[in-house]
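To keep things clear, I will list the structure first and then write my remarks on it.
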Amino acid sequence: MADYDIARDFIPALHRPSSLLPIAKHREALLYLTETFPVVIVVGMTGSGKTTQIPQFLESAGWCADGRMIAVTQPRRVAATTVAARVAEEMRCTLGQEVGYSIRFEDVTSASTKIKFLTDGLLLREALVDPLLSRYSVIMVDEAHERSLSSDVLLGVLKKIQKRRPDLRIIVSSATLQAEDFLGFFTSSTGESTGDATAELGGSTGRIVSLEGRMFPVDIHYLTSPAEDYVDHAVRTVFEIHSQEGEGDILIFLTGREEIDSCIESITERIPSLPTESQGLLPLPLYAGLSTEQQMYVFEETPENTRKVIVATNIAEASVTIPGIVFVIDCGFVKLRAFDPATGIETLTATAISKAAATQRAGRAGRTKPGKCYRLFTESAFDSLDEASIPEIQRSNLAPMILQLKSLGIDNIARFEYLTPPPSELIIRALEMLYSLGALDDYARLTKPLGLRMAELAVEPMMARVLLSASDFGCLSEILSIAAMTTLQGSVWFQHEGEKKAMETSRWKFAVDEGDHLTLLNVYQAFVTKGKNDAAWCRSNHLNFKSMTKAVSVRNQLKRYMERFGINVDESLASREVLRAGGPDKAEQIRRCLTIGYFAHAARMQPDGTFVTVDGTTTLYAHPSSLMFNRKADWVIFHEAMQTGEKTFIRDITKIEKGWLTQYAPEFYKIRK
DNA sequence: GAGCACTGC
């Protein structure tokens, strides 16, 4: 076991211990700045109390006196609900009264609500009905440094709103030192988002406030030479920590499920070699693909005399906080999603993390007492990392964003003020896609009512088009269910420990020849007729009860949208009968209807079972979770394509006829006619 | 025979 020595392989680096000054000291300054300047940038580490305290300061200073509210946006739903509960407790009021929250499917606010926590995506949607967000006196955008697509767009929209609402106060809160970029964004008037903030620091638009965090110091250790196999290295480091360091749990950052499983396996294999008098080791996986039940294990009390080793993806970097972590082992990589505008295919690739992310990960070790972070890379590798990762807006499919901006009346997408502008290829690709879906006209204006309705629907543009065409095909009820099911993204099926075979068998029971979409419909209909509110039924059929319940909520919401558009939803047949009651013609109508939105996602199966795109340039593989993984087909459409490693996988695949492509998308396919 | 980072409306 002494084959590995931390002192030899890692060099400690100096770490500045953080001060313990509470945010209360800054109360007067914060209120003065908010009163005086339209924009205040708050820089504060986790633990500074900014999210819970600032809204209370503002409320007590009278910012809600005129009946307006203070909005605090969060990138994640859990954060919005938990922070709201915490603030309600501190203010000794019932959640939903003076303090409330609003997330999709859950609005816990009332007429007396003064402080409202909500997701940034939801606040953007509020702008659709209230373009100046006039219900709010102050809007605080929390965690803006994460640079999510919706918080970036929100900041751009807020800057625009502020020109017409000088009374509106904007607080941007960020955990890292990107404060000057944010201030520069709000102070520049040219539309150039890279404006020089320092020139404006004494100006009248905004100010930066720095808050101290309540963090314990974390010793950083680097490798002396690069790791050949970081999973193996992580395992060895665990046992070194275990034999040489004091109490405290270990958190390991790896990139994905496969690495996590193999890491846990290696740790488990080595446990018997521990000295008998040694403390025990309990390795636990943590990634989003696990059921909530399985995720909860990491929060449970560790058995007496045992050290927890949590092996996690990036989910533990910001989304999930586990108490008791004293040691962090960081592989230095993360899997990042990106969108290739040339092919329209998404990629998922392991990428080196940024310095900001490395700091955030290390900080996970210093929440309860001084900790240590072992970086599985050298200090010079750290120095060469980017300061921050590429914002989502520069690597995503922008069709949904552009549709949203257009519906907010922002017609000139190129002149919109972005925090960082997206590459023009991404914009062009998105505009082309929206045009061929009929959401935009020849002048790139939003079509009415089609484009406007597509923007309002809370699904991606291709599915929105399908939904809005479904009543013409007489299958709206079925398409509503299919649309809801595709939002679950593979979490439909639930695999119990060692029951892989049994799950496959369950899946076959619901299989429909025409493909995955109809299979999903079959599952949904079985759930609402046989399994509703019946977790045991789901369990015996290897279905994820929580996911299925979500599908029901999504479907209800989509149905309400359709009804608001004046589109009648006939549920007489579909809701109570299984698919075949509608007959084979119904199935064909559904497949035709799917083609009207997904014509750009068409492919043809080749004799070897792989697929090729219509332009013949890309080979696609059916994802193993698809029915088409081992069935014959000719032409198909698919919900999404994702490249991981060497292969590009397609999932949610349905058989179609070639002729439907030219029939429903003549413009898109005119060249190949 | 073989596989999916994380959010959000």
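Where a number appears in this text, it was derived from the coordinates with a stated rule and is not lab data. This is a predicted model, so every value here is computed, not measured. With ideal geometry, Cβ positions are generated from the backbone for all residues, glycine too; neighbour counts draw on all protein chains shown.
List of remarks:
- When the alpha-carbon atoms of the range A:454-573 are used, the pair Rg, Dmax equals 14.8, 49 angstrom.
- Equivalent-ellipsoid semi-axes for the range A:486-643 (Cα gyration tensor, √(5λ), whole Å, largest first): 26, 22, 14.
- Between A:PHE182, A:GLN295, A:LEU431, the Cα set farthest toward the positive side of the dipole of chain A (charges on each charged residue's Cβ, about the Cα centre) is that of A:LEU431.
- Rounded to 5, percent antiparallel among DSSP beta bridges of chain A: 35 percent
- Hits among aspartates and glutamates - C-alpha to C-alpha of A:LYS530 under 13 Å, sequence gap 8 or more where chains match: A:GLU577
- When you filter the chymotrypsin sites (Phe, Trp or Tyr not before Pro) in the range A:406-489 for DSSP loop state and at most 14 other Cβ atoms inside 10 Å of their Cβ, you are left with A:TYR443.
- Computed [θ] at 222 nm, helices only, for chain A once each DSSP H run of length n ≥ 4 contributes -39500 (n - 2.57): -11000 deg cm²/dmol
- FRET efficiency for the A:GLU35 to A:ALA444 pair, using the beta carbon distance and R₀ = 56 Å, is estimated at 0.85.
- Net lengthening on full extension, A:LEU177/A:THR420 (0.36 nm per residue, minus Cα-Cα): 85.9 nm
- One chain, two ends: A:GLU258 and A:SER291. Fully extended at 0.36 nm per residue, the span grows by 10.2 nm beyond their Cα-Cα distance.
- Column: log10 I(q)/I(0), Debye, Cα scatterers of the range A:484-549, q = 0.15 Å⁻¹: -0.41
- Trypsin sites (Lys or Arg not before Pro) within the range A:499-563, DSSP loop, no more than 14 other Cβ atoms inside 10 Å: A:LYS532
- Prolate is the label for the range A:114-264, because a/c, from the alpha-carbon gyration tensor with a ≥ b ≥ c as root eigenvalues, is 1.5 or above and a/b exceeds b/c.
- Cα-based reach from A:LYS50 at 30 Å (exclusive), listing lysines while leaving out same-chain residues under 8 positions away: A:LYS25, A:LYS114, A:LYS116, A:LYS159, A:LYS160, A:LYS163, A:LYS335, A:LYS355, A:LYS369, A:LYS372
- Chain A - Debye-derived log10 I(q)/I(0), Cα point model, q = 0.05, 0.08, 0.11 Å⁻¹: -0.26, -0.69, -1.30
- The GluC sites (Glu not before Pro) of the range A:349-430 that DSSP puts in a loop, and whose beta carbon has at most 10 other beta carbons within 10 Å, are A:GLU387.
- Around A:SER469: net Lys/Arg minus Asp/Glu count, Cβ-Cβ under 13 Å: +2
- Using a simple spin-label model with pseudo-atoms 7 Å out from Cα toward Cβ, A:ASP615 and A:ARG164 lie 3.9 nm apart.
- Other residues whose C-beta falls under 15 angstrom from the C-beta of A:ASP66 contribute a net charge of +2, scoring Lys and Arg +1 and Asp and Glu -1.
- With 0.36 nm allotted per residue and the present C-alpha distance subtracted, the A:VAL129-A:ASP411 stretch has 99.8 nm of extension available.
- The dipole here belongs to the range A:218-303: it is taken about the Cα centre, uses +1 on the Cβ of Lys and Arg and -1 on the Cβ of Asp and Glu, and is about 60 debye.
- Overall, the ratio between the Cα radius of gyration of the range A:600-658 and 2.2 N^0.38 Å, rounded to two decimals, is 0.96.
- Charges were assigned to the Cβ only: +1 to each Lys and Arg, -1 to each Asp and Glu. The resulting dipole of chain A about its Cα centre is roughly 1960 debye.
- The lysines whose alpha-carbon is closer than 17 Å to the alpha-carbon of A:LYS658, local same-chain residues fewer than 8 away aside, are A:LYS632, A:LYS670, A:LYS673.
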